[in-house]
Amino acid sequence: MSEAGNHSSSSCPGKSAKRVFAQMSRASTPLGADGEDLDGRDKPGHDGIGGGRRRFLGIAVALAFVLIVVTTAFAAWVDSLGPLPLEQARKVSTTIVDRSGKLLRAYAMADGRWRLPVDATTAVDPTYLKLLLAYEDRRFWSHGGVDLLALGRAALQFGTSGHIVSGGSTITMQLARLMEPRRERSVYAKLRQIVRAVQLERQLSKDEILDLYLALAPFGGNLEGIRAASIAYFGKEPKRLSLAEAALLVALPQSPERRRLDRYPEAAHTARDRVLARMVEDGVVSQEDAAQAKAAAVPRLRKPMPILAPHSSDAAMATVTDTPLIKLTLDSTLQKTLEALARDRAVAQGPNISVAIIAVDNESGDVLARVGSSDYFDERRAGQVDMTRAVRSPGSTLKPFIYGLAFEDGFVHPESLIDDRPVRFGSYAPENFDMTFQGTVPVRKALQLSLNVPAIALLDRVGSSRLSSRLKQAGGNFVLPKDEAPGLAMGLGGVGISLQDLAQLYAGLARLGAARPLREIVLANDDREPMRLMDQVAAWQVGNVLLGTPPPENGVHNKIAFKTGTSYGYRDAWSVGFDGRVTIGVWVGRPDGAPVPGLVGRTAAAPILFDAFARTGKIPAALPKAPKGALIASNAKLPLPLRRFRPVGELIRTGSEQMPRIQFPLNGSRIDVDRSGNGQAAPMPVKVAGGVLPLTIMLNGTSVGEIDSRRQRLIDPPGPGFARLTVIDATGAADTVVIRVQ
């Protein structure tokens, strides 16, 4: 009996339940002596009612069992689907944007697809969103992933017409299909989409679902997402679309390959008009607007993806990894303008010649534009080589820093006189570019005319090693010939430096001597500290002198402080300049380093520099005002030792004269200044031995008086920090000490 019962239970649960119920009923019924049922058979109708109840209970048990089995199986199937592949779905093309978030360049994904991230609330035209939801999912904001009304309508239409009239898939269900693409169209596939849609609605907000759909929707070929399609077909972001463009983008994802604009434009045109007609029927669009939109032609070719600042983008991709969005400090408008300028001027200069331009914000050190070559795709001009980072000979562009250190040391002033005549420094005899000499000229004019002999004479006094170390300290990375130390030739371009480092140094002049490392990639932590280039007075004097440099024919006078340079053999032409806001550097030459006869900085690079400033769209800003302590005077009113610069070798002395020497304070000493009395610092004594009277005292490059025959004087000490104290005698001989005041 037990075996039979077990077999019946396993083969037919309903019958088994019924048999067990009957046995239990008989066991509980009172029997007579002969086994007769005392309650049942005598009572009319009992047998019919009891049988109905037994059948009902059996069916209920069977249905419950089936429901449990089905529910368990369905739950197991849902569990077998695994988690939603959100991480994979969120992968997008790496995009490079400018300081305002505008797209500079995008890189295709590893499989060649273009998929750009999108924010529906800020980056997509509201008209497109209205058409999309009205056409695809009008109850998007209210349903939980599945629109039962839409599914019922689609099923009814299919049953009555025999073909699909409208789809019942919601945006969420379509997103589920895009996340897990399958070729077959079956009940199983639809059920899977429904389950995934419900899961999506539980894990993501409506805005997140819409953003993800707009990034994954197919638009033909390797285009995915509304941004990639809008840029490829219309050449613009989807933030502002016409009605015709919006309707077209609504129609394409329904059959992206059969409506590809570059292959089947007529099919796309028909699908777009069908969307417009439907919108008119639903009252979303007026008849007049739809008619006007239908009259618009559809694009037949894809446009190339934007490639602005390609060199900066490549560098950013190599520097920042594992992030889909990289923000640069560049200004896309200025970048586009300067790229066009470089391209046009390179063509005018001749074959194989390239142009590089960099623009830097003086205050922040942010790179506003970087044009690494005249044409990124021009192989003849080595377009993919970034010439703003290439190390080349700078020509005369380092001269302003020689003069700046000379001003800082206090042995020369912009109005001092200096000789431009043949001179030899050991075996080195510098000559001017035009092979002529100007005689005695003001230091100001010597720098503005870029005379070589005065610059080398000052460098001999300043010291090549000191110039090199100071510029390196401010971020100028020099490259010297192998096994060579800094020498006088570096003043005329005998070293290597990049255009970006040169621009950083010139921006330091614009910042009154405080250079700042350049920044091009916007990162969370920006801990760049200013680096000392020279003191404020010296930097201001250099800028003031360069402001008066005669501009090229297309330039305006006294608006831009600039300097030009030409490397040996006419290989590189340079021009770097700044106003109160921006520093711009220009390089012209052949990337392979071949000479270009006649390539001169003043005629090849300077006009591009002034044109670049003009194309910024802003009037040149004024340079900073003269800082406190700047000596502004004519040559006749300068202290005697500053009226004329004499090289050390030209000092004329009798045998009894001695060089001036500062006896107090000593070099490297620490001076404690008493500031207790009414906040006024007590005077600091200066004692000097030797030298030809009168003796002039210079504190941080500024004259603070003369020393009498007693060779001592009290001076007002500077503020806390390091200070340079120089004493110059009547012959130009000098002694300098560096002290620390506290």
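The values are calculated or read from the model by the stated rules, or taken from the named source; none is laboratory data. Predicted model only: the values in this text are computed from it and were never measured. Cβ sites come from the backbone with ideal geometry, for glycine too, and all protein chains shown count toward neighbours.
For the structure I just gave you, tell me whether residue 580 is modelled with pLDDT of 95 or more, surrounded by fewer than 20 Cβ atoms within 10 Å (Cβ to Cβ) and more than 19 Å from residue 388 (Cβ to Cβ).
Yes, satisfied.
Just to be sure before I move on: is residue 280 under 26 Å from residue 222 (Cβ atoms), of a type in the set (Val, Ile, Thr) and outside any loop (DSSP other than H, G, I, E, B) in the structure I sent?
Values: under 26 Å from residue 222 (Cβ atoms): no; of a type in the set (Val, Ile, Thr): yes; outside any loop (DSSP other than H, G, I, E, B): yes.
No.
Looking only at region 93-128, which residues are under 22 Å from the mean Cα position of the chain (by Cα) and of a type in the set (Ser, Thr, Tyr)?
Listed by number, the residues that qualify are 93, 94, 95, 100, 107, 122.
Only one of (1) at pLDDT below 95; (2) in contact with a helix residue (DSSP H, G or I) (Cβ under 9 Å, 6 or more places away or on another chain); (3) farther than 16 Å from residue 586 by Cα is not met by residue 321, so which one is it?
(2)
Of the residues 180, 184, only one is surrounded by fewer than 17 Cβ atoms within 10 Å (Cβ to Cβ), at negative phi, charged (D, E, K, R) and at pLDDT 65 or above; which?
180
From 590, 602, 581, which residue is among the basic types (Lys, Arg), in contact (Cβ under 8 Å) with a residue 40 or more places away in the chain, farther than 19 Å from residue 508 by Cα and out of contact with any Ser or Thr (no Cβ under 6 Å at 6 or more places or on another chain)?
590
Considering only residues that are within 24 Å of residue 414 (Cβ to Cβ) and in contact with a Phe, Trp or Tyr (Cβ under 9 Å, 6 or more places away or on another chain), which ones fall in region 701-732?
Residues satisfying the conditions are 701, 726, 728, 732.
Please note which strands (runs of 3 or more DSSP E) are completely contained in region 656-742 and include at least 2 residues that are more than 28 Å from residue 513 (Cα to Cα).
661-664, 684-689, 712-715
Kindly establish whether residue 181 is part of a loop (DSSP other than H, G, I, E, B), of a type outside the set (Gly, Ala, Ser), under 17 Å from residue 86 (Cα atoms) and without any contact (Cβ under 8 Å) to a residue 40 or more places away in the chain.
Criteria met by residue 181.
I'd like the full set of residues that are farther than 21 Å from residue 471 by Cβ, under 32 Å from the mean Cα position of the chain (by Cα) and in a loop (DSSP other than H, G, I, E, B), limited to region 524-553.
Those that are farther than 21 Å from residue 471 by Cβ, under 32 Å from the mean Cα position of the chain (by Cα) and in a loop (DSSP other than H, G, I, E, B): 524, 525, 526, 527.
Might you let me know whether region 302-319 holds any residue that is over 21 Å from the mean Cα position of the chain (by Cα) and closer than 17 Å to residue 128 by Cβ?
no
Counting just the residues of region 84-112 that are polar (S, T, N, Q) and assigned to a loop (DSSP other than H, G, I, E, B), which one comes out surrounded by the fewest Cβ atoms within 10 Å (Cβ to Cβ)?
Restricting to residues being polar (S, T, N, Q) and assigned to a loop (DSSP other than H, G, I, E, B), the top hit is 100.
Here is a list: 476, 508. Which entry is under 36 Å from the mean Cα position of the chain (by Cα), under 26 Å from residue 317 (Cα atoms) and of a type outside the set (S, T, N, Q)?
476
Sort through 689, 682 and tell me the only one that's at pLDDT 80 or above, out of contact with any strand residue (DSSP E or B) (no Cβ under 7 Å at 6 or more places or on another chain) and not basic (Lys, Arg).
The unique qualifying residue is 682.
Counting only residues that are of a type in the set (Gly, Ala, Ser) and not assigned by TED's automatic domain parsing to the domain that holds residue 92, give me the strands (runs of 3 or more DSSP E) lying completely in region 317-387 with at least 3 of them.
Correct list: 354-361.
Yes or no, residue by residue, for (1) touching a Phe, Trp or Tyr at 6+ places or on another chain (Cβ under 9 Å); (2) in a helix (DSSP H, G or I); (3) buried (at least 22 other Cβ atoms within 10 Å of the Cβ):
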position	(1), (2), (3)
587	yes, no, yes
592	no, no, no
603	no, yes, no
618	no, no, no
622	no, no, no
625	yes, no, no
631	no, no, no
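Restricting to region 634-655, and then to whatever is modelled with pLDDT of 85 or more and part of a loop (DSSP other than H, G, I, E, B), can you tell me which residue is surrounded by the most Cβ atoms within 10 Å (Cβ to Cβ)?
645
Filter region 411-440 for residues that are among the aliphatic types (A, V, I, L, M) and surrounded by 18 or more Cβ atoms within 10 Å (Cβ to Cβ); which is nearest to residue 489 (Cα to Cα)?
It comes out as 423.
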